[in-house]
Amino acid sequence: MEIYSNIAELRSALAKVRQEGRTIAFAPTMGNLHAGHISLMRQAREHADCVVASIFVNRLQFGPNEDFDKYPRTFDADCSQLRDAGVEFLFAPTEIDLYPQPQTYVVEPPEIQFLLEGECRPGHFRGVATVVMKLFQIVQPDVALFGKKDYQQLMVLRNMVSQFMLPIKIVGGETVRADDGLALSSRNGYLSPEERAEAPRLQQTLKNIRQAVLSGNHDYDALCRMASENLDSHGWKTDYISIRRQQDLGPASASDTDLVVVAASKLGTPRLLDNIEI
Ligand code: PAF
């Protein structure tokens, strides 16, 4: 695996790949890789001839009281996992490489950036969209892959690519879970052993909601309120549990089909995200 932090050098290496007529799949990450990321890398190989990954902890998408400084950085372990997964190029820029000046031009997503995660993390999706746009300009992939665990992020980026007419196919990777159902996330490492034992309750809660909806319960507000109260009675601090339309993440009504239940809840230090499609 070739590792680049310098943008010009990566660009000329990738230009050679394109000259050879090979297509490029790109999976951006913030490092601290787990099986979910590795599954994206493996999927990436099915979509193109050459796989490029990036590792960059993007300050722009963290709020002032969030865990930017504490975000786990495990570069050497990440590199060996990427090598094993067949990644050919890793782009691992420093902040100076990617933000040589303060980023004053930004990608401002529409209303969707203020819903759900956006309401809890103001500016988060502006930071994500801006860095991904920059990464796309640098790597110029044919295909880019993002995990479905971050459902809203995937939607923001899909819409961005569509509206800016970027010639990039966006692929959503299925959420990879531990045996007990907990969605894998870099932030799971912050859980104490007791919290880790409690954590699968989030997915179980979403499955229960899904079951209730499929059995004909359309009182979505009451379903979500009860689910949230139940989680909180087990030590969680729920930001939201909500049944939304898959298409635009707007609030779902009884006549809507193709739904998704999205949730974010704090268990001890970390805030866990999960979702389930109906
Ligand atoms: O999902 C992530 O890890 C990040 O939000 C991303 C897409 C790499 C942008 O920094």
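Side notes on the structure shown:
- The stretch 120-139 residues that are more than 16 Å from P64 (Cβ to Cβ), paired with ones that are more than 9 Å from the ligand (Cβ to nearest atom) and of a type in the set (K, R) (beta carbon under 9 Å, 6 or more apart): I138/R11; V139/R11
Per-residue answers, yes or no, for (1) open to solvent by less than 20 Å² (accessible area, probe 1.4 Å); (2) assigned to a helix (DSSP H, G or I); (3) at pLDDT below 95; (4) touching a Gly at 6+ places or on another chain (Cβ under 6 Å):
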site	(1), (2), (3), (4)
D97	no, yes, no, no
P102	no, no, no, no
P109	yes, no, no, no
V131	yes, yes, no, no
L135	yes, yes, no, no
I138	yes, yes, no, no
A144	yes, no, no, no
Q152	yes, yes, no, no
L166	no, no, no, no
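Yes/no per residue for (1) among the polar types (S, T, N, Q); (2) closer than 15 Å to Q203 by Cα; (3) over 16 Å from the mean Cα position of the chain (by Cα):
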position: T238; (1), (2), (3): yes, yes, yes
position: G250; (1), (2), (3): no, no, yes
position: A254; (1), (2), (3): no, no, yes
position: L259; (1), (2), (3): no, no, yes
position: A263; (1), (2), (3): no, yes, no
position: G268; (1), (2), (3): no, no, yes
position: L273; (1), (2), (3): no, yes, no
position: I276; (1), (2), (3): no, yes, no
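Conditions (1) within 15 Å of the ligand (Cβ to nearest atom); (2) of a type in the set (D, E, K, R), marked per residue:
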| site | (1), (2) |
| --- | --- |
| V106 | yes, no |
| F114 | no, no |
| R121 | yes, yes |
| R126 | yes, yes |
| T130 | yes, no |
| K134 | yes, yes |
| D142 | no, yes |
| G147 | yes, no |
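- Residues of the stretch 16-52 satisfying the condition of being more than 16 Å from E174 (Cα to Cα) and touching a Ser or Thr at 6+ places or on another chain (Cβ under 6 Å): N32, A48, D49
- Qualifying residue in the stretch 41-49 (condition: open to solvent by 50 Å² or more (accessible area, probe 1.4 Å), within 15 Å of the ligand (Cβ to nearest atom) and either out of contact with any Phe, Trp or Tyr (no Cβ under 6 Å at 6 or more places or on another chain) or in a strand (DSSP E or B) (or both)): no
The values are calculated or read from the model by the stated rules, or taken from the named source; none is laboratory data. Please read these numbers as outputs of a predicted model, since none were measured by experiment. Here the Cβ is made from the backbone with ideal geometry for all residues, glycine too, and neighbour counts use every protein chain on show. Accessible surface is based on the protein model in full, side chains and every heavy atom, while ligands, DNA and RNA are left aside. Shrake-Rupley method; radii C 1.70, N 1.55, O 1.52, S 1.80 Å.
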